[in-house]
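Beneath this line is the structure, given in C-alpha cells, with notes to follow.
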Amino acid sequence: MGRTRILETADEAVAGIEDGSTVLVGGFGLAGMPFDLIDALIRQGAKDLTIVSNNAGNGEVGLAALLQAGRVRRVLCSFPRQSDSYVFDELYRSGRIELEVVPQGNLAERMRAAGAGIGAFFSPTAVGTPLAEGKEQRTIDGRDYVLEHPIKGDYALIGAHRADEMGNLVYRKTARNFGPVMATAASTTIVQVGEVVPIGSLDPEAVVTPGIFVDRVVRADARHYTVQGAR
Amino acid sequence: MVHDKPLTPDQLAAIVARDIPEGAYVNLGIGQPTKVADHLPAGSGVVLHTENGMLNMGPAAVGDDVDPDLTNAGKVPVTELPGASYFHHADSFAMMRGGHLDVCVLGAFQVSATGDLANWHTGAPDAIPAVGGAMDLAIGAKQVFVMMTLFDKKGTAKLVPECTYPLTGVACVSRVYTDVAVFDVGPSGLSVRETFGTTIDELRERLYVPLEAAAG
C-alpha cells in the first residue's frame, strides 16, 4: 500500500508473512529466483504456506531449501519434476506436500488475471486433457475453452535486476520470466534487486514493472549457482 | 538427399529443419527438437522462441558466455542473437495461444491418427506429473510438428488409432516426423509424405492406422 519502501535487510523485507499465506515465488529454475528473500523467509518461520512457482525447487537452494525446511503445505506449479528436484520428489512421494499441476501458460495467465482484476477467463489450453477435468467448458466461435480462475498471492517474492527508489523495476534477460506478472498479482510484492538507484536514473521508457506494483525492495548481491545443464 | 535407411536423430533433425519456412517464428521443445536449431541453414531468418521469455535465441552458451540469467526452456544456458527481445511469461504464452507462433516442434510418447498428442505424462502411478508449457504449445502454434521414433524400444507403434497415455492436446498435431517416415495429419486422416528405408505397404502392416500416400 502506498509508496514503495526500500529496506536494509531481507529479514525486514519479509517481516509479517503469516502462517498459511499464499506466496508467489519468481524464477524459472534458478534464473530470477529471489534467494535472499527465501532464506529470510526460512529464518522468519512462516509455515503452512502455499507456494506458486514454475518449478518446485532445484538442488537444495532457494525454493528447495524452503521445502526442505518443512514450511510448505501445497505447491502450484507447472513443472515440479526435474533432474535436481529431489527435495520435492521425496516430500511428494511420502505424502508430505500437495501438488496442483498447472500448464505454464495458464499459470502465468491466472496470475495476470488476478493482477488485472479479471474474475475468470476461458483458455484453450488443456481442453480434452486430464488437467481440464471438472472444469467448466464452453465453445466460443467454434473453439473449445476451459474456465480458469485467477491465482492471487498474499505475497510475491521476486528477483529483479535494478530498482529505483520509486520501486520501478528492470529485469535482466530471461531472469524476467514470472516477475512482472507476479508483481501485479499479490497483495504485498517484495523484490530483491542487484542495485537500487536514485529516482530519475531509470529510463521511464525502459521500466518493466512500475513501482505501483511494488511494496518492498531490498538490495542483495546476485548469487550464481551452477545452472542445471551448464557445460 | 535420398535416405534408404532409417534416419539417425541428426538426420531427422535436418529433415525437420528443411521444412521450416524461411522467416518463421519457431519454438523447439526440450530434448530432441532442440537439435533442429543446429540444422537451420544460415540466412534462414528463422526466429527461435523460448517460452521462458525470449525471441531470437542463439545457440547454447559455452565457457565465458554462460550467464545464469540467460537460459532456454530446458534451463540450459544459451546466447542471444542481434535483434533478440525479452518478455515476461504472460506475453510469452500469449505468443502461443494468440496464434503468433508459426511452428513448434515437440517430442511425443504417442500421436493419434486424428492428431491428438500425448507427451507429458505416462500415467504411471508413481510418476510425478509435470506439464510445463507442453499443453500451451500443443494448441498454440499454427503448425505443430512432432518428432519421434515411430516405434518404441519394444517395437510398439507410437502413431496409434487412439492415444492410451494422458493427452496433451486434442487434434493439434499437423505433421509427424519419424525415423522411418513423415506423416501429414489432415481432416481425412494420415498421409505419408516420405519414407526412409521402408515403404507405405510395410508401414501399413506395422501400424494400426489407415495410411494414404500424400498427393503430389
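A short reminder: the numbers here are calculations on the coordinates, not readings from a lab. Model, not experiment: these values are computed from the prediction. Here the Cβ is made from the backbone with ideal geometry for all residues, glycine too, and neighbour counts use every protein chain on show.
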Checklist outcome for this item: A:I118 meets each of (1) touching a residue at least 12 places away in the same chain (Cβ under 8 Å); (2) farther than 25 Å from A:T188 by Cα with one exception, condition (2)
Checklist entry - Is one or more of the residues making up the stretch B:47-70 touching an Asp or Glu at 6+ places or on another chain (Cβ under 9 Å) and at positive phi? => result yes
Next on the checklist: Would you confirm whether or not the stretch A:42-49 contains a residue that is closer than 26 Å to A:N168 by Cα and crowded, with 22+ Cβ neighbours inside 10 Å?
Outcome noted: no
Checklist outcome for this item: By residue number, the members of the stretch B:18-40 that are of a type outside the set (A, V, I, L, M, F, W, C) and more than 22 Å from B:E194 (Cβ to Cβ) are B:G23, B:Y25, B:N27, B:G31, B:T34
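Please work out if B:G53 is crowded, with 21+ Cβ neighbours inside 10 Å, facing another protein chain (nearest Cβ under 8 Å) and touching a residue at least 12 places away in the same chain (Cβ under 8 Å).
The answer is yes for B:G53.
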Next on the checklist: Within the stretch B:64-86, does at least one residue satisfy the condition of being in contact (Cβ under 8 Å) with a residue 24 or more places away in the chain, more than 7 Å from every other protein chain (Cβ to nearest Cβ) and over 30 Å from A:Y171 (Cα atoms)?
Outcome noted: no
Checklist entry - Of the residues B:A84, B:A94, B:A108, B:A113, which single one is aliphatic (A, V, I, L, M), farther than 29 Å from B:F183 by Cβ and in contact with a strand residue (DSSP E or B) (Cβ under 8 Å, 6 or more places away or on another chain)? => result B:A84
Item to check | Which numbered condition A:A69 misses (of (1) more than 26 Å from A:N168 (Cα to Cα); (2) crowded, with 24+ Cβ neighbours inside 10 Å) | outcome: (2)
Next on the checklist: Kindly evaluate A:P124 against the criterion of being within 11 Å of chain B (Cβ to nearest Cβ), crowded, with 16+ Cβ neighbours inside 10 Å and free of Cβ contacts under 8 Å to residues at least 60 places away in the same chain.
Outcome noted: yes
Checklist entry - Quick check: anything in the stretch B:85-101 more than 27 Å from A:I151 (Cα to Cα) and crowded, with 17+ Cβ neighbours inside 10 Å? => result no
Next on the checklist: If the requirement is being of a type in the set (K, R), within 13 Å of chain B (Cβ to nearest Cβ) and loosely packed, with under 15 Cβ neighbours inside 10 Å, which of these qualifies: A:R143, A:R138, A:R162?
Outcome noted: A:R143
Next on the checklist: Where the second residue is of a type in the set (S, T, N, Q) and assigned to a strand (DSSP E or B) and the first is within 14 Å of chain A (Cβ to nearest Cβ) and lies in the stretch B:150-170, which pairs have Cβ atoms under 8 Å and are six or more apart or on separate chains?
Outcome noted: B:E162/B:S112; B:C163/B:Q110; B:C163/B:S112; B:T164/B:Q110; B:Y165/B:Q110
Checklist entry - When you look at B:Y177, is it part of a loop (DSSP other than H, G, I, E, B) and either under 20 Å from the mean Cα position of the chain (by Cα) or buried (at least 20 other Cβ atoms within 10 Å of the Cβ) (or both), yes or no? => result no
Item to check | Selected residue [of a type outside the set (S, T, N, Q) and within 8 Å of another protein chain (Cβ to nearest Cβ)] from A:Y86, A:Y92, A:Y155 | outcome: A:Y92
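Which one of these is within 12 Å of another protein chain (Cβ to nearest Cβ), closer than 18 Å to A:I42 by Cβ and buried (at least 22 other Cβ atoms within 10 Å of the Cβ): A:V75, A:V102?
Sole residue among the options that is within 12 Å of another protein chain (Cβ to nearest Cβ), closer than 18 Å to A:I42 by Cβ and buried (at least 22 other Cβ atoms within 10 Å of the Cβ): A:V75.
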Item to check | Residue satisfying all of: in the stretch B:94-138; part of a loop (DSSP other than H, G, I, E, B), hydrophobic (A, V, I, L, M, F, W, C) and within 11 Å of chain A (Cβ to nearest Cβ); nearest to A:R112 (Cα to Cα) among these | outcome: B:V131
